[in-house]
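Some notes on the structure that comes next.
The values are calculated or read from the model by the stated rules, or taken from the named source; none is laboratory data. Keep in mind that this is a model prediction, so the values were computed, not measured. Quick reminder, even Gly has a Cβ in these numbers, built from the backbone with ideal geometry, and neighbours come from all protein chains shown.
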Amino acid sequence: MSDILPKLDKIRIPVEKFTEYALNPYKSKKSKDKATAFELALGYNLGNYELLINSIAANIPYYKAVAKGDNGYGMTYEVIMPLKGDNGKTAKVLTAWIDDLELDEMRLINAYVDK
């Protein structure tokens, strides 16, 4: 598939994006909303964040990446994928990525349940 995320062999999913932000209900109002959405829709929380990271990594090669432009730090991409959660439910998860040319990696910069 030619419209998959480039540099699949160089993807990096920072643990902190989940433990300190997306699944952390104590960080900020925005983080609390994301954490609540992940918990309700897919059953992911700070106790099982590794399962979410593994699911994103396993599914990223199968869904279309849409280029969103270069923000001055590298080309950014969006990939929306349905994921089956730890609770057995399925929901769409939007992931955002940056092709960081300086570090030569494709890094996850955001993830949230897409309504």
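The table that follows gives values for the structure above.
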| quantity | calculated |
| --- | --- |
| Members of the range 56-95 found to be touching a Leu at 6+ places or on another chain (Cβ under 7 Å), farther than 19 Å from LEU46 by Cα and surrounded by 16 or more Cβ atoms within 10 Å (Cβ to Cβ), listed by number | ASN59, ILE60, ALA65, GLY74, TYR77, GLU78, VAL79 |
| Condition broken by TYR73, with the remaining ones in (1) at pLDDT 95 or above; (2) out of contact with any Gly (no Cβ under 9 Å at 6 or more places or on another chain); (3) aromatic (Phe, Trp, Tyr) satisfied | (1) |
| Hits in the range 57-88 - residues which are out of contact with any Phe, Trp or Tyr (no Cβ under 9 Å at 6 or more places or on another chain), under 22 Å from THR19 (Cβ atoms) and of a type outside the set (A, V, I, L, M, F, W, C) | ASN59, LYS84 |
| Top-ranked residue in the range 1-33 [being surrounded by 15 or more Cβ atoms within 10 Å (Cβ to Cβ) and among the aromatic types (Phe, Trp, Tyr); ranked as modelled with the highest pLDDT] | PHE18 |
| So ASN24, is it without any contact (Cβ under 8 Å) to a residue 40 or more places away in the chain and within 12 Å of the chain's Cα centre (by Cα) | no |
